[in-house]
Amino acid sequence: MNLKEKIEKVIMRVQKPARYIGGELNSVVKDKEKIDVRFAFCFPDTYEIGMSHLGIKILYHILNSKENIWCERVFAPWFDMKEEMQKENIPLYALESLDPVSDFDIIGFTLQYELSYTNVLYMLEMAGIPLYSRDRKELKNLVVGGGPCACNPEPVADFFDLFMLGDGEDVIVELCDLYREHKKKGSSKQEFLLDAAKIEGIYVPSFYDVTYNEDNTLKEITPKYEGVPKTVTKRVVKDFDKTPYPDKFVVPFIETVHDRAVLEVLRGCIRGCRFCQAGFIYRPFREKSVETLCRQAKELCANTGYDEISLCSLSTSDHTQIESMLSELTKWSDKEKISLSLPSLRVDNFSKEVLDGISGIRKSGLTFAPEAGTQRLRDVINKNVTLEELHNTCRIAFEGGYTGIKLYFMIGLPTETEEDVKGIIYTAQSVVNLFYDLENRPKGCGVTVTASVATFVPKPHTPFQWEAQDSLETVIHKHDVLKGVGRSKKITLNYHASNTSILEGVFARGDRRIGQAIYEAYKNGSYFDSWSEGFDFEKWQAAFNKCGLDMAFYQGRHRSFDEVLPWDHINYGVSKKFLERECKKAYNAQTTEHCRKSCAGCGANKFAGGACSAEC
Amino acid sequence: MQNVRIFFIKRDRAKYISHLDMTRLFQRAVRRSGITMWYTEGFHPHLYMTFALPLALGTESNCESVDMRLIDDISFNEVKDRLNAVLPVGIEVIEVSEPVMKASVISSSMYLVRLYGVADKKTAMDAFLAQDEIMAIKKGKAGEKLVNIKNFVYGYEVNADGSDLCLWLKLASGNQNTLNPQLLIGVFSQQHNVSVEGAFLLRTKVLCENGEEFK
């Protein structure tokens, strides 16, 4: 029985068979005999999550546009499918060819969130591929990684042969080209890796020695060989407006999390909110022209048949041509009956024009993120949003007919006091009051204000990278404070205390020793840790204990500015000095103006060709 | 505006697309094709579309149909060609025509079933299908019910083909009664301890009360 027959035999036994069989519109099938490099693009989560991710669509498109490369998709089989696959000896396979992942030259994982790390091991094991890089002797089955978590890849460094840092569009093609050359020459894995390490943006973790101090902090990370860079700098695409963007997406049969066309409007962020990792690691700020955006939107919808398109960026309203962009896009979307959604709006530059642009088709709720409950704490995190601006925005929204507002907050931010926590409720309450004070509020219906409170996790390459993260007990106490504040019935309060934030905090700023604990926990049955079906904190505690590692050392400890950090040899363009300056300003509740008002000297403008277009 | 009945086949990997997902698939295909079809009016306009008969997940078909209302002044052949240019592998329009019958007159379907490697069970299958009563649990809107599904088997033929067992089945389909061939072979599989997983199931014809093919 061939693999396809075996798969067909079992998939009727599991939930949603269509997850496991491919064949979707716009999926790319090539003749493998004519291919030099086969690339298995693995998303370490379910089909529905992975198929919603934009990065995989961009890189799938770019790789498959090359004649000699075939990129296929691989997702993590859910528990029921895993059981069936093991019963029938079905190895992990790719969705286009249904060939085993172990047939592929390069196996690439995108690391979007820390809690997916065990799924990388799970997928490798299902593919029958050794988990540790050192146990994979051949060039074939090269395991590579990328995505935001690669900005501190140390916790998973021992499992990967190399990481691609920063924008993947160019470097992934260079990697495949180099691989092809070495495959042809019959090079060893070591020979290939030595050459790969010379490509800007490629980090080969096995080429570095890591030493520790007696207090368990890092002493040094040094290259083992000549020609291996001391610091690896991330890649930035040269011309963002002209960089390839898919004109078609693979259109899934089953409903996925984000089942719509997605248009990336800009990359990077001018704001510099101090808690936000994305705001620093995607710098410099670059945007696409209105002309490019309109063309890409039309192509995507025409080739997929989607009737919904979402504009994607860290802060869409910061596009310099936001108004002409929206008016051009709505002209087209109205005519084609396509609904346009704009998920990332700020409260300080939200205008009636923007609202008109998005309210054409559906009046669903609006979401804003004040992030903190008092002005002092908003200044600490450099959110640069005032209560007045929030009220102005909510007024425009209410007057425009909206009656539902969702507000995002965080607790556990540095310097936070009980007053700041209570301020979350006061802020939400003030929006409710604002609604009832409005003469021309929508009649006949009440207002609902949802306050969603997340737990802050300090991340690498941010001004808060040195901070201690709250323990679970402290988080629970702060939730009690929140609950204790009297509030209107119009306010829905959402919060959730979980050890997942603790583990996320450990992985985010972990060093190379964490890898052992990840291995132990996986071997002890931990995977799908971002799902309640999979997460079991006790297994993690056992794994850390067994390895003699202390979670609080990584997550609950304040670091001094002169400590060597596990990601100090990884350069995302934002200098450590700048982050330190920003951190000190945070302690004084001093804000930093956004990049368009004045350049704060983060360092990201030095990327050749990808120069910062924040126009400071 | 012109009512059109679009006959299509659903083969290979496309058999794993559920009935609900077929709706979304055709909505998107119509958009990609650029053909103007009629949308329902009202607060949330959507493409008007009616499938004659649902098809069970895992079963292939040569004779599915969906009705739409064509607004563009184009030929049936053009509708067919433009849809085929944008449909995913496994789904192919074979004919577009004016609806002749109402879907409510559908009463049965013909199926071809191939059970791999169990040709030696021919006698058992013959005996199984010759019974007056085959009790099985049917899941319906009102919950689960124990019914005699033999009442919904209108005809059959059993042949051994090499190492496989081939069945021709005429089973109830439509508004009144419906029998999914997977249920029938599932009962056989249980009673005779035979694995029928990965069986090939193909709907070959949709028939009306008077025995004519649904047009």
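Each reported figure results from applying straightforward, stated rules to the coordinates on display, with no laboratory input. Here the structure is a predicted model, which is why all the values come from computation and not from measurement. Ideal geometry is used to build each Cβ from the backbone, glycine not excepted, and the neighbour counts take in all protein chains shown.
Some notes on this structure:
- Order of B:R32, B:R114 under a 10 Å beta carbon neighbour criterion, fewest first: B:R114, B:R32
- Cross-link table A:K32/A:K523; A:K4/B:K215; A:K185/A:K234; A:K87/B:K138; A:K16/B:K15; A:K34/A:K185, entries beyond 24 Å C-alpha to C-alpha: A:K32/A:K523; A:K4/B:K215; A:K185/A:K234; A:K87/B:K138
- Projected area, mean over directions - the protein assembly as shown, Cα convex hull, nm²: 38.4
- Per residue of peptide B:31-40, the mean number of Cβ atoms on other chains within 10 Å of the residue Cβ is 2.
- C-alpha long axis of helix A:514-523 to longest principal axis of chain A, angle in °: 80
- Across peptide A:15-27, the average count of Cβ atoms from other chains found within 10 Å of a residue's Cβ is 4.
- In region A:3-233, a dipole from Cβ-located charges (positive for Lys and Arg, negative for Asp and Glu) runs towards its positive end, and of A:I56, A:C42, A:S97 it is A:S97 whose Cα lies farthest in that direction.
- Fraction of antiparallel bridges per DSSP, the protein assembly as shown only, in percent to nearest 5: 55
- Set of aspartates and glutamates near A:K224 by C-alpha distance (under 13 Å), chain-local residues within fewer than 8 positions excluded: A:D209
- Summing charges over all other residues whose Cβ lies under 13 Å from the Cβ of B:V100, with Lys and Arg as +1 and Asp and Glu as -1, gives -2.
- A DSSP coil position with no more than 12 other Cβ atoms inside 10 Å describes the following GluC sites (Glu not before Pro) in region A:519-610: A:E533.
- Region A:402-475, relative contact order in percent, only Cα pairs under 8 angstrom and at least six apart counted: 47
- Counting only residues at least eight positions apart within a chain, or on another chain, the lysines with an alpha carbon under 21 Å from that of A:K489 are A:K406, A:K422, A:K443, A:K478.
- Per-residue [θ]222 nm for the protein assembly as shown (sum of -39500 (n - 2.57) over DSSP H runs n ≥ 4, rounded to 500): -9000 deg cm²/dmol
- Helix A:499-508 and the longest principal axis of the Cα set of chain A meet at an angle near 60°.
- Convex hull volume per residue in cubic angstrom - Cα atoms of region A:1-119: 107
- Net charge, A:N440 excluded, C-beta distance under 12 Å - Lys, Arg +1, Asp, Glu -1: 0
- Reachable lysines from B:K122, criterion Cα separation under 21 angstrom, eight or more residues apart if same chain: B:K150, B:K170
- log₁₀ of I(q)/I(0) at q = 0.08 Å⁻¹ - chain B, Debye sum with one point per alpha carbon: -0.32
- Dimensionless Rg over Rh [region B:2-99; C-alpha; Kirkwood]: 0.94
- Dipole magnitude for the protein assembly as shown: about 680 debye, using +1 per Lys or Arg Cβ and -1 per Asp or Glu Cβ, origin at the Cα centre.
- Alpha-carbon Debye profile of region A:3-233, log10 I(q)/I(0) at 0.08, 0.09, 0.10, 0.16 Å⁻¹: -0.29, -0.37, -0.45, -1.13
- DSSP-assigned coil residues among GluC sites (Glu not before Pro) in region A:377-455, each with at most 12 further Cβ atoms within 10 Å: A:E439
- Considering only B:V105, B:T50, B:N3, and ranking their Cα positions along the charge dipole of chain B that arises from unit charges at the beta-carbon of Lys, Arg, Asp and Glu, the one farthest toward the positive end is B:T50.
- Each other residue within a Cβ distance under 10 Å of B:N3 adds +1 if Lys or Arg and -1 if Asp or Glu, for a net charge of 0.
- Crossing angle, helix A:117-126 versus chain A [Cα axis fit, 0-90 degrees, rounded to tens]: 30
- By the beta-carbon count within 10 Å of each Cβ, the least crowded to most crowded order of A:H61, A:H461, B:H46, fewest first, is B:H46, A:H61, A:H461.
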